[in-house]
Amino acid sequence: LADGMGVSGDYAASCETCAHFWLLHVVSRWEEFQDVCRRSDSPTIVADKFPFKAYFEGGDGEASGKKKKPKLFPSKSSVEADQAIAHECYGKLKEMFQEIEECRPFELLESQKDRLNYLMTKQAKIVAMTCTYAAMKRKDFAKLALQFDSVVMEESAQVLDIETLIPMQLQRADAPDGGVARRLKRCVLIGDHNQLPPVVKNLALRQSSNLEQSLFTRLIRLGTPYIELNAQGRSRPSIASLYNWQYQSLGDLPSVSEAEFALGNPGFKFDYQFINVEDYNQQGEYSPSPHFIQNLGEAEYAVTLYQHMRLLGYPASKITILTTYNGQKALLRDVVEKRCAYYPLFGRPAKIETVDRYQGQQNDFVILSLVRTKAVGHIRDVRRLVVALSRARLGLFILGRRENFAKCLELKPTFDKLLQRPSDLHIVPGETCAGFTREAQAQCKAEATTMDALTRGVVEKVQAWEAQRNNNKA
């Protein structure tokens, strides 16, 4: 722009020099041009005197070897039309220099923290953080004079009362410049009180003081009007039927009956199954240390089932292994590390996690280990059961002791459905993920299998693959 105006100097060196250039040369010449146009009656005055004509026409196209741009002002246009073109061009220049001015603070602010604070308070439309971070940095936000109109809290049924209130208090109570201090107009709480509540480790506070009750749940119990979603779009309708009895009228979106949901799961007869796991080496659940519950039989079965799925062509990223106890999670990770992690046919699954930590996440296929054989355990809490069953989109395999959970009254609606299907894993021989087209409701020839048979099948396929690899090397 400076070259086209015949101005010398390194005005593009910084945002500050650009601002000087705008005031000294662009604005002043535009005002002179406007004054000349008002005092002249010539029909070509705009085209003759417009100071930024060279910039918008692109200079001498022939000399630079580029295609020459058309003239900015048509030869037979009126003064009014030329003025409209001139104002449009000036508007573009003004917009360009405004964008440069917005970048100027980044030349003055030296640290990354100061730059991020500037972006957050001056330019950001949405600021995202956890409630814990809001509590930790509340004084900093107040010092920065952060202002906002709305607060949206996701998973608010899992947030403590006090943690829900803190984000509403991030604005200063007094406005230093005399403006509006707290301008919060609305607070939107999004959550599910039928799933797990906030985690309170102190048993007395949790039970006696009811501290685990979130503000979201409290408002619902008090009768505050709320909107409840009446359709889910995550799981197959058959999987959703295992937990939708906990909701008033939870239906299914049309999308969960189309595309991948319309097909069955390659190699498996059922999209969900409860698989009865008997004692392994004459042992069910055990505790190597207090409250650290493990079940080796279920861990071995879960990992063998994962290996079988990988050999059928299921991506590891689409398989998650869940359990209800930290001890079992540690055991599952140990077994996976020894049998799968460094083997190219298997690798690690997407996640091995507890149900509580996996709330809010999902995956296509979930293998769930219930662990307990002597008592139902804390899966008796229906909210935890809902979380566990609602993580899978396409396939759910639940490993547990049938007689232990079938008699639990709290879980009866779910286990009545689960136990309508066989308790032995039913596989469809010959099916793989490659070129799979069987519809979910189509009949197929399936056969029941045991953990020993499944393990032998995995070992045979691995041995065949290794033999083929060795032949290729030879």
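The values are calculated or read from the model by the stated rules, or taken from the named source; none is laboratory data. Everything quoted here is computed from the prediction, not taken from an experiment. Neighbour counts are summed over all protein chains in view; Cβ atoms, including those assigned to glycine, are modelled from backbone coordinates with ideal geometry. Please note that ligands, DNA and RNA were not included when accessible areas were found on the heavy atoms of the full protein model with its side chains. Shrake-Rupley method; radii C 1.70, N 1.55, O 1.52, S 1.80 Å.
Net charge in the neighbourhood of ILE319 (other residues with Cβ under 13 Å of its Cβ; Lys, Arg +1, Asp, Glu -1) is +4.
Charge tally around SER257: other residues with Cβ under 12 Å, Lys/Arg +1 each, Asp/Glu -1 each, net -3. Surface analysis of segment 369-469 yields an accessible area of 50 Å² per residue, using protein heavy atoms and a 1.4 Å probe. Over segment 275-330, the pair-distance histogram of Cα-Cα distances with 10 Å bins from zero comes to 21, 46, 26, 6 percent, rounded to whole numbers. With a Förster radius of 45 Å applied to the beta-carbon distance between VAL462 and ALA259, the computed FRET efficiency rounds to 0.90. Overall shape of the chain was characterised from the C-alpha gyration tensor. The equivalent ellipsoid obtained from it has semi-axes of 64, 33, 22 Å, in decreasing order. Each of ALA442, SER423, ALA388 was scored by the projection of its Cα onto the charge dipole of segment 383-474, and the greatest displacement toward the positive side belongs to ALA388; charges sit on the C-beta of Lys, Arg, Asp and Glu. For segment 64-153, GluC sites (Glu not before Pro) meeting the loop criterion (DSSP other than H, G, I, E, B) and having at most 14 other Cβ atoms within 10 Å: GLU110. Please report how far the C-alpha centroid of segment 87-110 lies from that of segment 293-349, rounded to the nearest whole angstrom. Taking the Cα centre of each part, segment 87-110 and segment 293-349 sit 55 Å apart. Of all stretches in the chain that contain no chymotrypsin sites (Phe, Trp or Tyr not before Pro) in a DSSP loop with at most 12 other Cβ atoms within 10 Å, the longest one is 1-225. Computed over the chain, the per-residue total of -39500 (n - 2.57) for DSSP H runs of n ≥ 4 gives a 222 nm mean residue ellipticity of -10500 deg cm²/dmol, rounded to 500. For segment 226-359, the solvent-accessible area works out to 44 Å² per residue, with a probe of 1.4 Å and every protein chain left in place.
The distance between label points at ALA341 and GLN441 comes to 4.5 nm (points 7 Å beyond Cα on the Cα→Cβ vector).
Ranking of CYS103, CYS18 by solvent-accessible surface, largest first: CYS103, CYS18 (1.4 Å probe, protein heavy atoms only, all chains present). Computed over protein heavy atoms with a 1.4 angstrom probe, the accessible surface ordering of LEU229, LEU263, largest first, is LEU229, LEU263. Within the shell of other residues whose beta carbon sits under 12 angstrom from the beta carbon of ASP364, the net charge comes to +3, with Lys and Arg scored +1 and Asp and Glu -1.
Could you pull out the pairs from LYS53/LYS94; LYS49/LYS92; LYS201/LYS329; LYS137/LYS351; LYS71/LYS94; LYS92/LYS122 whose alpha carbons sit more than 26 Å apart here? Too far apart for the 26 Å limit: LYS137/LYS351. Tell me, what % of the accessible area of the chain is carbon and sulfur with a 1.4 angstrom probe? Whole-percent figure for carbon plus sulfur exposure: 51. Using only the alpha-carbon atoms of segment 223-289 as identical scatterers, what base-10 log of I(q)/I(0) does the Debye formula give at q = 0.22 Å⁻¹? Values, matching the q order: -0.97.
In percent, how large is the relative contact order of segment 1-110, given Cα pairs closer than 8 Å and 6 or more residues apart? After rounding, I find 32 percent. Once the Cβ-Cβ distance of ALA173 and LEU205 is raised to the sixth power relative to R0 = 35 Å, the FRET efficiency obtained is 0.75.
Ordering ARG234, ARG384, ARG182 from largest to smallest accessible area (1.4 angstrom probe), what's the sequence?
Ranked from most to least accessible, the order is ARG182, ARG234, ARG384.
Between ARG469 and ASP279, residue separation times 0.36 nm minus the direct Cα-Cα distance comes to 64.7 nm.
As a size descriptor, the averaged projected area of the C-alpha convex hull of segment 348-474 was calculated at 10.5 nm².
So which trypsin sites (Lys or Arg not before Pro) in segment 73-154 end up in coil per DSSP with only 12 or fewer other C-beta atoms within 10 Å?
LYS76, LYS125
Here the Karplus relation 6.51 cos²θ - 1.76 cosθ + 1.60, evaluated at θ = phi - 60°, turns the backbone of segment 247-263 into coupling constants of 10, 5, 8, 8, x, 10, 6, x, 5, 7, 10, 10, 6, 5, 6, 7, 9 Hz, with x for every Gly and Pro. In a reduced charge model with +1 at each Lys and Arg Cβ and -1 at each Asp and Glu Cβ, the chain shows a dipole moment near 1060 debye about its Cα centre. Note on ILE239: accessible area approximately 0 square angstrom, rounded to 10, probe 1.4 Å, nucleic acids and ligands left out.
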